[in-house]
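*Asks:* Here it is: the structure, laid out below.
The values are calculated or read from the model by the stated rules, or taken from the named source; none is laboratory data. Small disclaimer: the values here were computed from a predicted structure and weren't measured. FYI the Cβ positions are ideal-geometry reconstructions off the backbone, even for glycines, and counts take in every protein chain you see.
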Amino acid sequence: MSITEEAPPLADALLDCSIVEMGRLMREGSASPVELAQACLGRIERYDGALNSFITVTAEKALQQAEVAARELAQGLDRGPFHGIPFALKDNIDTAGILSSSHSKIFENRVPERNATVAAMLEAAGGILIGKTATFEFAIGGPSWDLPWPPARNPWNRDYLPGGSSSGSGAAVGARFVPAAIGTDTGGSIRWPAAMCGISGLKPTYGRVSRHGVHPNTFSLDHCGPMTRSAEDCAVMLGACAGHDPRDPGSIDEQMPDYLAALTGSVKGLRIGLVRHWYEDEATDEVVAAVDAAVEVLRGLGASVETVTLDPLRDYVDAKTAISTAELFSVHEKDMRERPLDFGKLLRSRVMVGALVRAEDYVQAMRWRAELTTRTMAQFSRFDLLVTAGWMAPADPADADGVDFFKKRQLATMPFSLTGMPALNIPCGFSSRGLPLSLQIAGRPFDEATVLRAGDAFQRATDWHLAKPALG
Amino acid sequence: MSMSKTVPPEPATREEIAVLAKHAGLNLTPELFEELVEAYSHVEPTLMRLRRGRDRADEPAHVFDPRKFMPVEG
């Protein structure tokens, strides 16, 4: 079957629907999983040559899965709200029989025999795998032009970058190639591309989504999570991929609520701590204004908002950086000793330097992590949620000579990486150049439901998440 | 609790970085050594800012649960 010949004229309109709407259309017979998959594949074929969001497109497999899903739904076998929904996986996630390269020459021809748990769970939920997405090499470093595949571009303006490290997942969802993708997040790698691409990205609680079969970046900080256009869609995808996995030592056996049912549309009575000192002097003026305005929306919806002072952002960033740098070297030390030139320069620098971190530095950073986490968690006696900027600036230009991520701004995503709390980035405005800006909402461990509820209530009252980039 | 912030107190010299790299098993070309020196100039200040001098009993954020490493069927 050709990818596009069967695509209906309104295929792209189908991709404008939310996941819940797609599900309704499929169940009432107005659309089929096959039409949805074809719509995704057709749009990728038309536009991804300019965005490089996919490393591998699994068209044949996708259409086969979609036909199975169509048959199952027609027979009344309903696997739930993710059934028939197209999705993409970041390329550091193992997929049986499909290239899983981590966007690196080191793994240029690596085809695993088994699926990562997150991939298997999404397929068991009836999801349709459309392909594997670009990433920063091994999910760290930065966009590199010296790798086997080019870096992804921003769908809002291809002269800009989509953030990272889940760069292709962010670009693919932002471009409406797929309604959902999985990213991984160690210091902000779901939330940064979500912020840059105008989508919603949730880093769940550490231990909520299995990392088994996901290439490690930093064992003690790695997370997998959904990247979609809305908080509601994040709720659907999280429900399909979260849960205890004994194969992942970091996985935690905690009860899972119905995330979709938790979206009441209301934030009335929620107590929100605004961590303004993290971004007020660090972010661009446009980000400060957009985040402040978003907070006023939440206040207007009935949440109580009070400014709170936590530890300085740099403390969280320093502790996270020391931990990551040490753990990252332990992952790559063999290749770094034997074939350093097979890494891209950006990643090589980040890995090599880990060799110089002493064991004492690592343990002291982990002790500091415990202290910072304890103080952050103490805020939840006063608040239900913490909010701050999602990212400090709009997207960076796609300039190979101008990328130096050692020198980038302090990252407002890192406190919630270090503390393991769930954190959601959602669109809250645009820069003067038309690039998306983002609000971050964080909550208690394993209380993704309240985080998503607040994000969804915000999105019912605003339309930033509905804006669509012009690709053609 | 009194905590000091800077151990070691002085930034590493190029010669010291070379020794640390050798101890880590990295045999670097001159070009790669320059990359390492540049990268360390960004990471070293982070390491020097780590809080130290803690109470002896302050636990790190490691928790070891031996049940997590039991064999898994299938």
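*Asks:* Of the conditions (1) within 11 Å of chain B (Cβ to nearest Cβ); (2) part of a helix (DSSP H, G or I), A:A293 satisfies every one except a single condition; which number is it?
*Replies:* (1)
*Asks:* Return yes or no: is A:A195 touching a residue at least 12 places away in the same chain (Cβ under 8 Å), of a type outside the set (F, W, Y), closer than 30 Å to A:A11 by Cβ and in a helix (DSSP H, G or I)?
*Replies:* Taking the combined requirement at face value, the residue satisfies it.
*Asks:* Further question on the same structure: Pick out the one residue from A:T388, A:T374 that is closer than 22 Å to A:T321 by Cα, more than 7 Å from chain B (Cβ to nearest Cβ) and not in a helix (DSSP H, G or I).
*Replies:* Result of the check over A:T388, A:T374: A:T388.
*Asks:* Restricting to the range A:319-350, count the residues that are more than 8 Å from chain B (Cβ to nearest Cβ) and either among the acidic types (D, E) or touching a residue at least 40 places away in the same chain (Cβ under 8 Å) (or both).
*Replies:* 15
*Asks:* Which one of these is part of a loop (DSSP other than H, G, I, E, B), surrounded by fewer than 21 Cβ atoms within 10 Å (Cβ to Cβ), at negative phi and aliphatic (A, V, I, L, M): A:A412, A:A470?
*Replies:* A:A470
*Asks:* How many residues are buried (at least 17 other Cβ atoms within 10 Å of the Cβ) and either assigned to a loop (DSSP other than H, G, I, E, B) or hydroxyl-bearing (S, T, Y) (or both) if we restrict to the range A:18-28?
*Replies:* 1
*Asks:* Looking only at the range B:20-33, count every residue that is closer than 20 Å to A:S330 by Cβ and more than 8 Å from chain A (Cβ to nearest Cβ) and tell me the total.
*Replies:* Looking only at that region, the number is 2.
*Asks:* Return the residues of the range B:34-47 that are under 18 Å from A:V363 (Cα atoms) and within 7 Å of chain A (Cβ to nearest Cβ); say none if nothing qualifies.
*Replies:* Those that are under 18 Å from A:V363 (Cα atoms) and within 7 Å of chain A (Cβ to nearest Cβ): B:V43, B:T46, B:L47.
*Asks:* Surrounded by fewer than 24 Cβ atoms within 10 Å (Cβ to Cβ), within 14 Å of another protein chain (Cβ to nearest Cβ) and at pLDDT 95 or above: does that describe A:D245?
*Replies:* So A:D245 passes the test.
*Asks:* Would a scan of the range A:58-68 turn up a residue that is modelled with pLDDT of 95 or more, among the β-branched types (V, I, T), assigned to a helix (DSSP H, G or I) and under 19 Å from A:V173 (Cβ atoms)?
*Replies:* Checked the range A:58-68: no residue is modelled with pLDDT of 95 or more, among the β-branched types (V, I, T), assigned to a helix (DSSP H, G or I) and under 19 Å from A:V173 (Cβ atoms).
*Asks:* If you don't mind, another one. Residues in the range B:48-68 that are touching a Pro at 6+ places or on another chain (Cβ under 9 Å) and at the interface with another protein chain (Cβ under 7 Å from one of its Cβ atoms): how many?
*Replies:* The total comes to 1.
*Asks:* To continue, here is another question. B:E59 - would you say it is more than 20 Å from A:G141 (Cβ to Cβ) and exposed (fewer than 10 other Cβ atoms within 10 Å of the Cβ)?
*Replies:* no
*Asks:* In the range A:300-313, how many are assigned to a helix (DSSP H, G or I) and exposed (fewer than 15 other Cβ atoms within 10 Å of the Cβ)?
*Replies:* 1
*Asks:* Taking the residues in the range A:271-290 that are part of a loop (DSSP other than H, G, I, E, B) and touching a Ser or Thr at 6+ places or on another chain (Cβ under 7 Å) as candidates, determine which candidate is farthest from A:P394 (Cα to Cα).
*Replies:* A:V275
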